[in-house]
């Protein structure tokens, strides 16, 4: 693939993604979401993060790739999740723990 073709592909995909996301926002601007759907949407973020974490831990080469550093970081995230009930705060606490333990060890 040439540089020009790659650049055109990136631009086409970027514009397509932008148009799809913008169209959803524009089309649903005046629509109210039912409460049952709204309650379900609250769990999309945590479910996606859990799926990514499981893929990282158990995916790839067929073995478990979890060490004690990851277990400690996950435990910190779990405690912060129960304590604060905020996904972003829990993610930050877990990532900072992971980074610090990785640097220290």
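The values are calculated or read from the model by the stated rules, or taken from the named source; none is laboratory data. Keep in mind that this is a model prediction, so the values were computed, not measured. Here the Cβ is made from the backbone with ideal geometry for all residues, glycine too, and neighbour counts use every protein chain on show.
Side notes on the structure shown:
- Contact map, region 39-68: first residue closer than 17 Å to residue 81 by Cα, second residue surrounded by 11 or more Cβ atoms within 10 Å (Cβ to Cβ) and modelled with pLDDT of 85 or more, Cβ cut-off under 8 Å, separation 6 or more or different chains; pairs are 49/91; 53/74.
- Criterion violated by residue 95 - all others in (1) surrounded by 13 or more Cβ atoms within 10 Å (Cβ to Cβ); (2) touching a helix residue (DSSP H, G or I) at 6+ places or on another chain (Cβ under 7 Å) satisfied: (2)
- Candidates 5, 29, 9, filtered to the one that is more than 16 Å from the chain's Cα centre (by Cα), in a helix (DSSP H, G or I), surrounded by fewer than 10 Cβ atoms within 10 Å (Cβ to Cβ) and free of Cβ contacts under 8 Å to residues at least 40 places away in the same chain: 5
- Qualifying position, being touching a helix residue (DSSP H, G or I) at 6+ places or on another chain (Cβ under 8 Å) and over 29 Å from residue 95 (Cβ atoms), among 33, 69, 11: 33
- Answer residue from region 81-105, given it is over 17 Å from the mean Cα position of the chain (by Cα) and touching a residue at least 12 places away in the same chain (Cβ under 8 Å) and is farthest from residue 58 (Cα to Cα) among those: 105
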